[in-house]
Amino acid sequence: MRKPIIAGNWKMNGSRSSIKELLEGIKAGMGDVKSAEVVVCAPAIYMADVSEQLSGSNVAWGGQNLSTEAKGAFTGETSADMLLDFKSEYVIVGHSERRTLYGETDELVAEKFEVARKAGLTPILCIGESLEERESGVTIDVCARQINAVIEKSGVKALAEGVIAYEPIWAIGTGVTATPEQAQETHAAIRKMIAEKDASVAEQVRIQYGGSMNAGNAKELLAMEDIDGGLIGGASLKAEDFLAICTAPA
Ligand code: 13P
């Protein structure tokens with residue numbers, strides 16, 4: 001049985017005071033969360049606040065990106081050890097915003113996955129197609145290419161040490177969610193593509209859905225057989241909405 005994992009990706013949002021309020025709200029409602037693992041991925045600059053407020057709670061935390069380098073002259077970057085220094089357990093790699101706005105390639109993302117995993121962080125590997133790619137029928141080819149880059153670098157077994165987040169780019173921040181059937185179809189195809197290389201990894205690896213998941217649509221999406229959680233942007237910034245998603249898995 002794969003335990004659902006709900007992760008908030010705050011992106012570049014929040015302030016010290018808004019984050020404090022958000023985390024107080026989340027912690028207060030966590031008693032109702034029975035069957036999901038809950039994570040928040042914060043801007044690096046707030047990691048100290050987040051770790052202080054969440055330590056001892058049942059909410060884990062992580063970064064939104066990391067450097068492939070261990071240390072040195074890499075202005076503006078955050079290393080795996082820096083995330084670990086604040087007890088982060090997770091880190092998002094290859095978010096579509098990193099791929100499209102900051103030119104991250106499949107190879108660089110695979111390197112980040114490897115660096116995170118080797119350091120003892122759980123990488124959340126984001127994959128997903130653009131609208132144009134979906135309309136031209138290459139959705140699964142794009143997802144397979146992005147996953148294969150990781151398999152080539154780290155081996156298929158490494159996938160089970162991370163989490164995959166399927167985030168169709170056309171659904172991110174648009175209010176347009178993939179239907180449960182559309183998402184399930186792609187999740188099943190991703191799992192099948194992994195199963196062709198290693199059936200037990202395919203069975204174990206959790207595949208989250210991301211893209212306009214909210215309090216209203218989470219239950220239906222999370223009820224699908226191959227959807228093992230969510231990576232939540234906008235709706236993770238309000239405690240009430242985020243908690244509604246965290247309590248949605250049956
Ligand atoms: P939204 O939930 O705001 O669509 O963002 C999804 C996302 O990109 C999470 O990583």
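The values are calculated or read from the model by the stated rules, or taken from the named source; none is laboratory data. From a predicted model like this one, the values you see are computed outputs, not experimental measurements. Cβ coordinates were reconstructed from backbone atoms using ideal geometry, including for glycine residues, and neighbour counts include every protein chain displayed. Heavy atoms of the whole protein, side chains included, go into the accessibility calculation; ligands, DNA and RNA do not. Shrake-Rupley method; radii C 1.70, N 1.55, O 1.52, S 1.80 Å.
What to note about this one:
- Here, P(r) means the percent of Cα pairs in each 10 Å bin from 0 to the largest distance; for region 67-124 it is 25, 56, 20.
- Shape of region 1-71, Cα gyration tensor, a/c cut at 1.5: oblate
- Cα centroid separation - region 147-175 against region 201-250, whole Å: 16 Å
- Taking Lys and Arg as +1 and Asp and Glu as -1, the other residues whose beta-carbon sits under 15 Å from that of L23 total -1.
- Simple point charges give the picture: +1 on the Cβ of Lys and Arg, -1 on the Cβ of Asp and Glu, and for region 74-124 a dipole about the Cα centre of about 120 debye.
- Test item: Cα-centred dipole of region 119-219, Lys/Arg +1 and Asp/Glu -1 on Cβ, debye: 320 debye
- Relative contact order of region 65-133, pairs being alpha-carbon contacts under 8 Å that are 6 or more residues apart, as %: 37 percent
- Among A160, A73, A195, residue whose mean-square fluctuation peaks in a GNM of the chain (springs only between Cα atoms under 10 Å): A73
- Carbon/sulfur fraction of accessible area - region 66-211, other protein chains in place, 1.4 Å, %: 52 percent
- Environment charge at M224 (Cβ cut-off 12 Å; Lys +1, Arg +1, Asp -1, Glu -1): -4
- Cα-Cα P(r), region 137-250, percent of pairs per 5 Å interval: 2, 12, 22, 24, 17, 12, 8, 2, 0
- Among 83-96, 174-187, the order from most to least packed when residues are scored by Cβ within 10 Å on average: 83-96, 174-187
- Each stretch of four or more DSSP H residues adds -39500 (n - 2.57); spread over every residue of the chain, this sum gives -12000 deg cm²/dmol at 222 nm.
- Rounded, prolate or oblate (a/c below 1.5 giving rounded, otherwise prolate when a/b exceeds b/c) for region 1-137 by Cα gyration tensor: oblate
- What region 1-157 shows is 49 Å² of accessible area per residue, with the surface traced by a 1.4 Å probe over protein heavy atoms.
- Rg and Dmax, both from the Cα atoms of the chain and both in Å, are 16.8, 48.
- Among the GluC sites (Glu not before Pro) found in region 199-239, those both in a DSSP coil and sparsely packed, with 15 or fewer other Cβ atoms within 10 Å of their Cβ, are E225.
- Options A70, L22, A48, ranked by Cα towards positive dipole end of region 1-101, top entry (Cβ charges): L22
- About its Cα centre, the dipole of the chain is roughly 500 debye, where the only charges are +1 on Lys and Arg Cβ and -1 on Asp and Glu Cβ.
- Positive end of the dipole of the chain (Cβ unit charges, origin at the Cα centre): among M12, T122, T186, the Cα lying farthest that way belongs to T122.
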